[in-house]
Structure formats: structure tokens, C-alpha cells
Amino acid sequence: MINNQNWLEKKNLALLSGGQEKIEKQKQLGKLTARERIGLLLDENSFQETDQLVVAAFSDKKNYTDGVITGFGKINNQIVAIYSQDFTLNGGSLGKNHAKKIIKIMDMAAKIGCPIIGLLDSGGARIQEGIHALSGFGDIFFRNTRYSGVIPQISIILGPCAGGAVYSPALTDFIFTVENISQMFITGPSVIKETLHQDVTKDDLGGAIIHNTKSGVAHFLCKNEIECFEKVKKLLYYIPRNYLDQKETLDNYIEPENNQILDQLIPNNQNKSYDIKKVINTVFDKESFFEIQEFFAQNIVIGFATLSGKITGIVANQPMIMAGTIDIDASEKAARFIRFCDSFSIPIITLVDVPGFLPGIDQEHNGIIRRGAKLLYAYAQATVPKITLILRKAFGGAYIVMGSKQLGADFNFAFPNAQIAVLGANAAISILHEKTLKSEPNIEMRNQKHSNLLENYEKEFLTPYIAAEYGYIDEIIDPNETRNKLISALLICENKVEKLPAKKHGNIPL
């Protein structure tokens, strides 16, 4: 008969991880334990743990799990790989065997083609393991990069994440954060105070709010861990298991109740703002819009939604913020999202109402040319179905960048009142007819000339019919036809195949 006593003792020690006292301390901080997190995130009774009895290298003390719990489970009945760092055991610090466990689960996830989810709560590299800890981080970064575009990678920051450790989540597809718990920074407040003599708290330096509103590092901001896990589950509803997987058309979608009122939502006055999210919720399936990076670069809106049950990615200018102009942050936000959609074969629908790129010395000096080119590159390289609708205006380089026919869009539509031109009417008249207007001494006559020139310019250059005549716009559509036209276009190019020229890879302007 096999003696199970020794094995059971070790298993119980592994399940306790850092011990009851440290678990209580974790709870006092308002944080769940590593195992509680796994239990709440995964479907009930679906977790299959791996490497439970692994202990730290170079240590006489047998701390089972070595501060990270790894394994497989299900979310929405789909297999996922998961690792959860245990702050109650050596502060969740990463050493040689801790890293090996994470590497092993990442390699397995790539082999079987399932998402990898990391729950990060760690003090960083285990100092006493020296180069072995640094090597472990390097091995993880290498796999983050190699498996990018192969399987979805999700990071959930549920505690400190400092120094080199921040680069693993930065290399993943989506980062979730929780208020008052999540912290990410390269150098902590103490180092900043010592070297730069600046006082800053951990939250003000790299807390959840900072990374969702200012840096753009994070994609989701949650009030607590429970809400965070629910958002992760919702995200996985929209994305495939791997780059070869095709999300099936969903049959439980609900048509929007008010999909015939777009002409009422979008003002004819080009200078009047409106909320693009209302347009999205009017066109796409009811309550299906799932926004990404809601609090960062709000002048552009990105996210997933279903259209007649088909999952799509949405990129849309937001006229309510900065008139919908494209700036540095908006360019990078949209470009990264487009590349994710293209990696995992998710069609992209672009809603355009853009007066141009944001002008200014700060924008130019901080690289609007280079960063705006990222958005152009992302659209041009994407081979998924691309459908673009110009709602109201599309001027200058911003017209080209926002999913134009020239960047490989499959279907380009425009509303009858849409305006497409190099410049808006006022700016164009000021340049083209400056001398004529200045030479008129009579103010009334000058204003009348200006008005006539504006009217002629709008008739001759600003209508979408010129673009349609030359094939840059495939069809001028009535606003109330929008949903049906987009559904039809999506069905037509659903099985689109497009091959890029043979090469190792391109050189995106990073």
C-alpha cells in the first residue's frame, strides 16, 4: 500500500503558501490571496495546478510553489493558462524556479493555443538569487515577444510591479489594473527622492489611475478585484484563443432599438460636437460595445462590439474631445489596437469625423510625425476586412490615415453631408484667396466675397461625390442605412485573403 502521508503534508503546505499569518496580512491590505484570485477568475472547479511542489533554488527552506501558482483552467468554458504570484511567500519575488514555472506554462499555452493570463503581485527580482533572477525575467520577456500575435496575453496587476518586471506586462496585449492596489514603475519613490530630490507616492508615480489616464500603459481601470475579473471574462468573450482560431458568429445578439436615428445624432453643423459612443451603440448590437482604454486619449475611441453577431474591432474619432483631432496619444492608442485585431483576424470598422492632426509646438517636438506614422502603418499593413464610414468630415492627412481606400480599406462609405478635402473651407479660402480678400477695402464687400468663396469651395471640393466619382468612396449612403450596409460589407469580405509581399518583417516607425 502506498504511503500518502508525506505527499499530503507537502500538498497542504503548498496550499497554505506563505502561511495563515501572511494570508491575514494580505487581507488587511484589502487584497485577495493568489489562490482566491484564481478561484474567482476561473470557472468553478476547473483549475488544474502544475508544479505545486516546486521550491526555491539555492535555499534550504522548502517553500512549496516558490511564490507563484501556475496551471490551466477555463473561463467561459474555454481553456486558459494562468499564473498567479503569491505575495505572502517571499513577497512574490521572482527567482530561478519561480521563473521556470512561468516559462513552462507560457510554452504550454503556445503549444495548445490558448490565452495566457498573468496575475502579478510581486516585489520584483529575488535579490539573493542575483543573475538567476535577472535571467528568469529575460526568459519571460523573450516568450512574451515570441508568442505575441500567436496567443492572446493578458496581464492583471494586483500589487507592486517594479523595475524590470514591468516589461513583461508591457509586452502583453492587455493590462488590467485596480484602484489603490496596482502599481507599476521602473524606479520607485525612494530612488527618485534620492537621485532627483522629488517627493512622490507610489500611486502618484505609477498607480492605476496614472497608467489609465496619463501614460496609456494600462487598458482597464477597475474599482476592485471582483470587477476586474468580470472585465477579464468579458474581454475573453470577444477575442479568439489563438491566431488560427475563428470566433463564431454569435446567435444571441440583440438588434439596437433605435438604429434608424443616426441623422438625428450627427449635427449638420460641422462645428457642433456629439458623442461618437451614441453612434456606436445605435449601429452595433445592443449593449455589445466593450471599450478599450476608456480614459486615455479620449479623442479617439477603440473597442470591440458585435454587428449582427459578428465580432468586430472599432476605431472612431470622438468629436466631443478636442474636436476629434488626432494627436500623439490617439495615434499610438489606435495603432496598437489595429495591430492586435489584425494579429487575431478581427475585422476593423472605422468611423471617421476628423478635422486633422492636432497642431502645436509640443506635438511636433514630441514626434507627431513619427507617431502618426504608426497609425498609418498599422492600417496599411492590416490584412483583415477593413470597412470605413465617413460620418461628417475627413480633412488632410487625417483622411488618409483613418482607414482610407489608399491604405487598403475594402469598403469605404460616406454620408451625403460628409466633407472630404485637403483643408476645411475657412482655412482653404484664407490660403487660396488671401490677396483677393485683402485687396478689397470695403469690409462689407470683403465679407460678401468671403461668403461667396466659401459657398463655392464647399460645393466644388467638400462634397463626398467628388471622391465617389473617382472611386475613393464606394457608396454614398443614407445614415439610416448604416447598420445594414456595414453588415452586408462585413459578410462580403468575411473570407477575404490578402498576402503581404515576401519579407522577414517591416520596420514600423517605433
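The numbers here are math on the coordinates, done by the rules we state, and not lab data. None of these values were measured; they are calculated from a predicted model. Using ideal geometry, Cβ is built from the backbone for each residue, glycine included, and neighbour counts are taken over all protein chains shown.
Starting from the 7 Å offset along Cα-to-Cβ, what nm value, one decimal, do you get for the label separation of residue 111 and residue 251?
3.6 nm
Lys/Arg Cβ at +1, Asp/Glu Cβ at -1, dipole of the stretch 150-279 taken about the Cα centre: which of 235, 261, 160 is farthest positive-ward?
Going by the Cα projections, it comes out as 160.
Explain nothing, just the number: relative contact order of the chain, from Cα pairs under 8 Å at least 6 residues apart, as a whole percent.
Rounded, it is 8 percent for the chain.
Could you compute the FRET efficiency for residue 148 and residue 436, with r as their C-beta to C-beta distance and R0 at 60 Å, rounded to 0.05?
0.60
Roughly what % of DSSP beta bridges within the chain run antiparallel, to the nearest 5? Let's see the in-between values first.
Details: 23 of 63 bridges.
In the chain, DSSP labels about 35 percent of beta bridges as antiparallel.
Share of Cα-Cα pairs in the stretch 5-238 beyond 25 Å, in percent?
38 percent
Using only helices, what value at 222 nm comes out for the chain when you add -39,500 (n - 2.57) per DSSP H run of length 4 or more and divide by the total residues, to the nearest 500 deg cm²/dmol? Don't skip to the answer; put the middle values down first.
On the way: 21 runs with 202 residues, N = 510.
Estimated from H runs of four or more residues: -11500 deg cm²/dmol.
Could you pull out every one of the aspartates and glutamates with an alpha carbon less than 20 Å from that of residue 31, ignoring same-chain neighbours closer than 8 positions?
By straight Cα distance, residue 31 reaches 21, 66, 86, 121, 179, 203, 204, 225, 227, 230.
So, in nm, how far is label residue 43 from label residue 196 when the simple model puts each one 7 Å beyond its Cα toward the Cβ?
Calculated label separation equals 4.7 nm.
Output the Cα-based Rg and Dmax of the stretch 88-138 in Å, rounding Rg to one decimal and Dmax to a whole number.
11.8, 35
Express in whole angstrom the spacing between the alpha-carbon centres of the stretch 86-158 and the stretch 335-357.
Between the Cα centre of the stretch 86-158 and that of the stretch 335-357, the gap is 30 Å.
What does the convex hull of the Cα atoms come to per residue for the chain, in Å³? Provide the component values of the computation, followed by the final result.
Working: hull volume 97.0 nm³, N = 510.
Hull volume normalised by residue count: 190 Å³.
Under a Cβ-Cβ limit of 4.7 Å, which cysteines in the chain have nobody to pair with?
114, 161, 341, 493
For the stretch 5-238, what is the charge dipole size about the Cα centre, in debye to the nearest 20, if Lys and Arg each add +1 at the Cβ and Asp and Glu each add -1 at the Cβ?
With Lys and Arg at +1 and Asp and Glu at -1, about 380 debye.
Per the Kirkwood treatment, what hydrodynamic radius in Å, one decimal, follows for the stretch 166-320 from the mean inverse distance over all distinct Cα pairs? Walk me through the numbers on the way to the answer.
On the way: mean 1/r = 0.0556 Å⁻¹.
Taking the inverse mean of 1/r over all distinct Cα pairs, the stretch 166-320 comes out at 18.0 Å.
Would you work out which of 127, 501, 490 lies farthest towards the positive end of the dipole of the chain, given +1 charges on the beta-carbon of Lys and Arg and -1 on that of Asp and Glu, about the Cα centre?
Of the candidates, 127 comes out farthest on the positive side.
Using all Cα-Cα distances in the stretch 272-369, what percent lands in each 5 angstrom bin from 0 up to the longest?
Spelled out per bin, shortest first, that is 2, 14, 24, 24, 19, 10, 5, 2, 1.
Place a +1 charge on the Cβ of each Lys and Arg in the chain and a -1 charge on the Cβ of each Asp and Glu, then give the dipole magnitude about the Cα centre in debye, rounded to the nearest 20.
1300 debye
Report, in debye and to the nearest 20, how large the dipole of the stretch 301-359 comes out about its Cα centre when Lys and Arg carry +1 and Asp and Glu carry -1 on their Cβ.
Charge dipole, the stretch 301-359, about its Cα centre: 220 debye, nearest 20.
Just tell me the longest site-free run in the chain, where the sites are trypsin sites (Lys or Arg not before Pro) in a DSSP loop having at most 10 other beta-carbon atoms within 10 Å.
273-498
Just going by the charge dipole of the chain, with Lys and Arg at +1 and Asp and Glu at -1 on Cβ, which of 108, 215, 187 is farthest out on the positive end?
Checked the options; the winner is 108.
What does the convex hull of the Cα atoms come to per residue for the stretch 38-132, in Å³? Kindly include the intermediate steps, with their values, before the conclusion.
Values: hull volume 8.6 nm³, N = 95.
With only Cα atoms used, the stretch 38-132 gives 90 Å³ per residue.
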